[in-house]
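Peer 1: Below is the structure I would like to discuss, written out as structure tokens.
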Amino acid sequence: MSDYKMVFIGGAGNMAGAVIGGLVASGYPADNIVATGRDEQKLRDFVARTGVRGSTDNLSAIRNADVIVLSVKPQVMKELCESIVAEVSARKPLIITLAAGIPLAAYQRWLGAGVPIIRAMPNTPALVGTGVTGLYAGAGVTGEHKSVATQMADAVGIALWVDEESGIDQVIAVSGSGPAYYFQFMESMIDAAEKAGMNRADAARLTLQTALGAAKLAVASDIDVAQLKRNVMSPNGTTERAIKRFQDGGLPELVEQAMSDCAARAAEMA
Ligand code: NAD
């Protein structure tokens, strides 16, 4: 699989840049990866940093590609697809799209039927190798295609395949938007600690390290998170008092509603 030639359109951007960095770090031959972009200087810097090839010409870059990863912003995706349709519909290489909110049917319209397409939904912790990528395979995608996409996702974290395209909306509600939920919680903790008299830098340091520690402990442990929570609590103790406030205030219901709103918005956009 490492002999597949992969071309990332918009390759020096945030998300594709993270994926390429992960692939190279995990041993994928940099020579078999091409990043394309519009900004020559940005592309030059990216190529110097990662050792992959660079090109400002999408069409010549994709000519021999086995896999084309689309990583431009959703609003310019249609125009991009229309500019590469001749090459793609003739040869039918695997297309992996990282764009949020564009259904598979749209790509089939823009690129023609019969092109194998995988929708991948990464999240921003991919930038530090701890991402989650939800994946959905359209018609004509083979087992080997799926292995390539899994390898790509694994290079920046973990992968989850969903059987229905609507499953991507659930992935968005959990892991796609999820980092922002935790950032919101951290922000509230930092604000509260500062209000209670701690200086903001100390409040941020303690909050972030606590979030990191809790996540590491939960990942490393066989114990489920509800029990890990109970392990911090003792009867009539300090943590119990705080957790009671969260529960009486409706935090579990609020989380459920927020995630349901998020998934509904993802479905609306698709
Ligand atoms: P970005 O702006 O950092 O990267 C996009 C890159 O594409 C830019 O470098 C731009 O110069 C380049 N580009 C634009 N038009 C081009 C063209 N015609 N040919 C070649 N290059 C072109 O954006 P990003 O945050 O990396 O997002 C990329 C995609 O990833 C989006 O579709 C987004 O929906 C998806 N995504 C992003 C996130 C996230 O959290 N950032 C999460 C999931 C999915």
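Values in this text are rule-based calculations from the coordinates and carry no lab data. Predicted model, so just to flag it, every value in this text is computed and none were measured.
Peer 1: Please compute the contact order of the range 113-270 in relative form: average sequence separation of alpha-carbon pairs under 8 Å and at least six residues apart, divided by the residue count, as a percent.
Peer 2: 19
Peer 1: What lysines could a cross-link reach from Lys244, if we take a straight Cα to Cα line under 29 Å and drop same-chain neighbours fewer than 8 places away?
Peer 2: Qualifying lysines at Cα under 29 Å: Lys195, Lys216, Lys229.
Peer 1: While we're on this one: Computed over the Cα atoms of the chain, what is the ratio Rg over Rh, Rh following Kirkwood?
Peer 2: Here the Rg-to-Rh quotient is 1.04.
Peer 1: Follow-up. List the aspartates and glutamates whose alpha-carbon lies under 15 Å from that of Lys42, not counting same-chain residues fewer than 8 positions away?
Peer 2: Asp57
Peer 1: Relative contact order for the range 20-171: what is it in percent, counting Cα pairs under 8 Å that are at least 6 residues apart?
Peer 2: Answer for the range 20-171 is 17 percent.
Peer 1: Defining a contact as two alpha carbons under 8 Å apart and six or more residues distant in sequence, what relative contact order in percent does the chain show?
Peer 2: Averaging sequence separation for qualifying contacts and normalising by length gives 14 percent for the chain.
Peer 1: Follow-up question, since we're still on this one. Tell me the angle of helix 143-154 to the major Cα principal axis of the chain, expressed in degrees between 0 and 90 and rounded to the nearest ten.
Peer 2: Approximately 50 degrees, to the nearest ten.
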